1. So, Asp61, is that one part of a loop (DSSP other than H, G, I, E, B), over 25 Å from Pro126 (Cβ atoms) and open to solvent by 30 Å² or more (accessible area, probe 1.4 Å) or not?
2. Can you pull out every residue in region 159-169 that is open to solvent by 10 Å² or more (accessible area, probe 1.4 Å) and either touching a residue at least 60 places away in the same chain (Cβ under 8 Å) or assigned to a loop (DSSP other than H, G, I, E, B) (or both)?
3. Within region 1-17, count every residue that is more than 14 Å from Val86 (Cα to Cα) and either in contact with a Cys (Cβ under 9 Å, 6 or more places away or on another chain) or among the polar types (S, T, N, Q) (or both).
4. Out of Thr223, Thr234, which single residue is of a type in the set (Ser, Thr, Tyr), open to solvent by less than 60 Å² (accessible area, probe 1.4 Å), farther than 28 Å from Asp105 by Cα and not in a loop (DSSP other than H, G, I, E, B)?
5. Which one is least open to solvent (accessible area, probe 1.4 Å) among residues in region 170-196 that are modelled with pLDDT of 85 or more and part of a helix (DSSP H, G or I)?
6. So in region 103-158, with the set limited to residues that are assigned to a helix (DSSP H, G or I) and of a type in the set (Lys, Arg), which one is farthest from the chain's Cα centre (by Cα)?
7. If only one of Ser75, Ser36 is over 16 Å from the mean Cα position of the chain (by Cα), modelled with pLDDT of 95 or more and open to solvent by less than 20 Å² (accessible area, probe 1.4 Å), which one is it?
8. Looking only at region 105-115, count how many residues are farther than 13 Å from Ala140 by Cβ, hydrophobic (A, V, I, L, M, F, W, C) and open to solvent by less than 50 Å² (accessible area, probe 1.4 Å).
Amino acid sequence: MNKIDLSGRHAVVTGAAQGFGLAITDRLLASGAKVSMWDIDGDELSGAASSRDGATAVQGDVTDPASIDAGLKASRAANGPVDILVNNAGIAGPTVPVAEYPIADWKRVIELDLNAVFYCAQAVVPEMIERNYGRIVSIASIAGKEGNPNAAAYSAAKAGVIALTKSLGKELAGHDIAVNCMTPAAAKTRIFDQMSQEHIDYMLSKVPRGRFVTVEEVASMATWLASEEMRFTTGAVFDISGGRATY
């Protein structure tokens, strides 16, 4: 494991109770950061945070700006100003064609996978500007680059995260605030429970490496993007799709 020094830094990780979020939390903690673990599942979050030194459980809903504000107050009270935001919370939604996609599900996926990223970024940016320091890392997806069939809402939301990253990165380029995102291939997490086996097989067939990405590999890249070493690059998309991406 490469060594990244995040001593004295405070990171907020959304969707931190399992999957990518939990792996990222562990890597940030191992690098010396304090981590405010945000998740809507209070029981699972409490269990995960209680076994991790330096972690603080903050239950809330990132689709609700009022809940985000309350979460930030609790996080700051426990760990000080926010230096790092990792936007990870998300859902896959149903795997059906556009013509059959339930409108309620479309709105739910867009709200959590895209709008919540905007809400959280908007909430932390003012203090980052004031302190002239910050790192914002968002977990997009290879689906946001290439568009997966039968996953229109998820693909559209992740494409939006990529565009939001580029826009915000340019806005904040005059400060020591780096805004970047990642486009991982699928990983064997509980998000697979929301997908058909046919869709899972389709995604695997597109990965030249011939396997899914691991949560630890995603955490490694996210932690580097959250570090002080990211002083120049901003508004960028970092691919971690096992060779699937063509750009």
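The values are calculated or read from the model by the stated rules, or taken from the named source; none is laboratory data. As the structure is a prediction and not an experimental result, all values here were calculated from the model. All Cβ positions, even for glycine, are placed from backbone atoms using ideal geometry, and neighbour counts span all protein chains on display. The protein model used for the area step is the full one, side chains on, heavy atoms only, and it has no ligands, DNA or RNA in it. Shrake-Rupley method; radii C 1.70, N 1.55, O 1.52, S 1.80 Å.
1. No; evaluated as a whole, the condition is false for this residue.
2. Across region 159-169, the qualifying residues are Ile162, Lys166, Ser167, Leu168.
3. Going through region 1-17 one residue at a time, the tally reaches 2.
4. Thr223
5. Within region 170-196, the match that is least open to solvent (accessible area, probe 1.4 Å) is Glu171.
6. Here the answer is Arg131.
7. When all the criteria are applied, what remains is Ser75.
8. 3
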